[in-house]
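> Input: one structure, supplied below.
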Amino acid sequence: MSETQTITGTTTGPAPARKLPGDLAIWFFILAEMLAFAVFFASYAFARAHDPALFNLYQQTLDRNAGALNTVLLITGSWFVVLAVQAAHRDDIPAVARNILLGFLCGGGFLVVKVFEYAAKFGAGISMSTNTFYMFYISLTFFHFMHVILGMVILAVLWFQARQGAYTSQNANGLESGAAYWHMVDLLWIILFPLVYVMR
Amino acid sequence: MNHLLNNPAHRAWLVLLVATAMTWYLGEVGAAGTWAIVTMLLIAFIKGRLVILDFMELREAPLMWRLLLEGWLILVSSLILLAYWISLK
């Protein structure tokens, strides 16, 4: 982090360049994903405005404890991945791999909790076509679920490479890009949880 | 302890945990209506901002990117608030 030798090509002279972590491309991808979720969140909120009584009624059947536990898992997973990036910047290679693995395990915990939650709902005969609330609940959380899986695939790749010492203070770009995606998964859930599970 | 909290990531993680507990508690007591909605959105906004600034490390990023992500947070919160305001009418 000491050198101002960034590859952004800025010609601002001696002033330290404000640097975007990771690759520029991943940030455009993140932005596109976030816009898609913004549309979903707004659709949910406005659909609810048409029939708040139905949404309030069926929201009570959701497992709020599972939702809160999953928030804690994602926040903690995100925190471990930040620690991995920080470890790379101080060239602590074992800590990079260890923290990525811990972040990955938090993601796995999220999936396990979610699968139990889905099993309880599907076991009770609930499906997308049960009503508008469940249609939104299942589609929104499942779309997010797929993003957790993709995030974990990215973390798995980062972990294999980190174990070979790929990420150091001289080369943290790939790690920072994957980390940014993982934080996005967390950021989306931070809106999704209160919106679908709690707000009434 | 103090030097641990010098790391913005540790601070953010602690605040995020406390904020999550607050939202969970509001759910447990069945908080509803205008003040509950505004409080929960405010908590979500603060949490989102911490993730953007301290986890994604956009505090020192080019201003455009910081504004794009913080702007997303403002946009989403505003749309949700608008929809809930309509539902309370």
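The values are calculated or read from the model by the stated rules, or taken from the named source; none is laboratory data. The model shown is predicted, which means the values in this text are computed figures rather than measured ones. As a convention, Cβ positions derive from the backbone with ideal geometry for all residues, glycine included, and neighbour counts pool all protein chains shown. Keep in mind that these areas ignore ligands, DNA and RNA; they rest on the heavy atoms of the full protein, side chains included. Shrake-Rupley method; radii C 1.70, N 1.55, O 1.52, S 1.80 Å.
> Residues of the stretch A:59-96 being in contact with a Gly (Cβ under 6 Å, 6 or more places away or on another chain) and at the interface with chain B (Cβ under 9 Å from one of its Cβ atoms), which ones?
Of everything in the stretch A:59-96, those that are in contact with a Gly (Cβ under 6 Å, 6 or more places away or on another chain) and at the interface with chain B (Cβ under 9 Å from one of its Cβ atoms) turn out to be A:Arg64, A:Val81.
> Which of the residues belonging to the stretch B:21-33 are within 7 Å of chain A (Cβ to nearest Cβ) and buried (at least 17 other Cβ atoms within 10 Å of the Cβ)?
Answer for the stretch B:21-33, where residues must be within 7 Å of chain A (Cβ to nearest Cβ) and buried (at least 17 other Cβ atoms within 10 Å of the Cβ): B:Thr23, B:Trp24, B:Leu26, B:Gly27.
> Please determine whether any residue of the stretch A:21-42 is out of contact with any Cys (no Cβ under 6 Å at 6 or more places or on another chain), facing chain B (nearest Cβ under 8 Å) and not in a helix (DSSP H, G or I).
Scanning the stretch A:21-42 turns up at least one residue that is out of contact with any Cys (no Cβ under 6 Å at 6 or more places or on another chain), facing chain B (nearest Cβ under 8 Å) and not in a helix (DSSP H, G or I).
> A further question on this structure: Say whether the condition of being away from every other protein chain (no Cβ under 14 Å) and open to solvent by 20 Å² or more (accessible area, probe 1.4 Å) is met by at least one residue in the stretch A:171-178. I'd like the intermediate steps shown before the answer.
Keep residues of the stretch A:171-178 that are away from every other protein chain (no Cβ under 14 Å), which gives A:171, A:174.
Narrowing further to those that are open to solvent by 20 Å² or more (accessible area, probe 1.4 Å): A:171, A:174.
Scanning the stretch A:171-178 turns up at least one residue that is away from every other protein chain (no Cβ under 14 Å) and open to solvent by 20 Å² or more (accessible area, probe 1.4 Å).
> Scan the stretch B:73-89 for residues that are facing chain A (nearest Cβ under 7 Å) and touching a Phe, Trp or Tyr at 6+ places or on another chain (Cβ under 9 Å) and jot them down.
B:Val76, B:Leu79, B:Ile80, B:Ala83, B:Ile86, B:Ser87
> Of the numbered conditions (1) assigned to a helix (DSSP H, G or I); (2) under 20 Å from A:Asn56 (Cα atoms); (3) more than 7 Å from chain A (Cβ to nearest Cβ); (4) open to solvent by 10 Å² or more (accessible area, probe 1.4 Å), B:Ala36 fails exactly one; give the number of that condition.
(4)
> Something else about it: In the stretch B:39-60, what residues are open to solvent by less than 20 Å² (accessible area, probe 1.4 Å), more than 9 Å from chain A (Cβ to nearest Cβ) and touching a Leu at 6+ places or on another chain (Cβ under 7 Å)?
none
Yes or no, residue by residue, for (1) open to solvent by 30 Å² or more (accessible area, probe 1.4 Å); (2) over 19 Å from the mean Cα position of the chain (by Cα); (3) aliphatic (A, V, I, L, M):
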{"residue": "A:Leu35", "(1), (2), (3)": "yes, no, yes"}
{"residue": "A:His50", "(1), (2), (3)": "yes, yes, no"}
{"residue": "A:Ala68", "(1), (2), (3)": "no, no, yes"}
{"residue": "A:Thr71", "(1), (2), (3)": "no, no, no"}
{"residue": "A:Ile75", "(1), (2), (3)": "no, no, yes"}
{"residue": "A:His89", "(1), (2), (3)": "yes, yes, no"}
{"residue": "A:Leu101", "(1), (2), (3)": "yes, no, yes"}
{"residue": "A:Cys106", "(1), (2), (3)": "no, no, no"}
{"residue": "A:Phe110", "(1), (2), (3)": "no, no, no"}
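> Still on this structure, please answer the following. Scan (1) surrounded by fewer than 16 Cβ atoms within 10 Å (Cβ to Cβ); (2) aliphatic (A, V, I, L, M); (3) more than 19 Å from the chain's Cα centre (by Cα); (4) modelled with pLDDT of 95 or more for the single condition A:Leu24 breaks and write down its number.
(3)
> Okay, moving on. So which helices (runs of 4 or more DSSP H) are wholly in the stretch A:81-200 and hold at least 1 residues that are over 17 Å from A:Asn70 (Cβ atoms) and among the acidic types (Asp, Glu)?
Result: A:173-192.
> Residues in the stretch B:5-14: is at least one surrounded by fewer than 14 Cβ atoms within 10 Å (Cβ to Cβ), more than 10 Å from chain A (Cβ to nearest Cβ) and either farther than 19 Å from A:Ala32 by Cα or under 18 Å from the mean Cα position of the chain (by Cα) (or both)?
Checking the stretch B:5-14: at least one residue is surrounded by fewer than 14 Cβ atoms within 10 Å (Cβ to Cβ), more than 10 Å from chain A (Cβ to nearest Cβ) and either farther than 19 Å from A:Ala32 by Cα or under 18 Å from the mean Cα position of the chain (by Cα) (or both).
> Inside the stretch B:39-63, can you point out the residues that are part of a helix (DSSP H, G or I) and not hydrophobic (A, V, I, L, M, F, W, C)?
Across the stretch B:39-63, the qualifying residues are B:Thr39, B:Lys47, B:Gly48, B:Arg49, B:Asp54.
> Hey, can you tell me all the residues within the stretch A:125-144 that are among the aromatic types (Phe, Trp, Tyr) and open to solvent by less than 20 Å² (accessible area, probe 1.4 Å)?
Step one: list which residues in the stretch A:125-144 are among the aromatic types (Phe, Trp, Tyr), which gives A:133-134, A:136-137, A:142-143.
Once the filter is applied, which keeps residues that are among the aromatic types (Phe, Trp, Tyr) and open to solvent by less than 20 Å² (accessible area, probe 1.4 Å), the stretch A:125-144 yields A:Phe133, A:Tyr134, A:Tyr137.
> Here is a further query. Go through the stretch B:61-72 residue by residue and tally those that are within 20 Å of B:Ile46 (Cβ to Cβ), more than 8 Å from every other protein chain (Cβ to nearest Cβ) and not acidic (Asp, Glu).
3
> Moving on to the next point. Yes or no: B:Ala32 closer than 18 Å to A:Ile191 by Cα and touching a residue at least 40 places away in the same chain (Cβ under 8 Å)?
Details: closer than 18 Å to A:Ile191 by Cα: yes; touching a residue at least 40 places away in the same chain (Cβ under 8 Å): no.
No, not satisfied.
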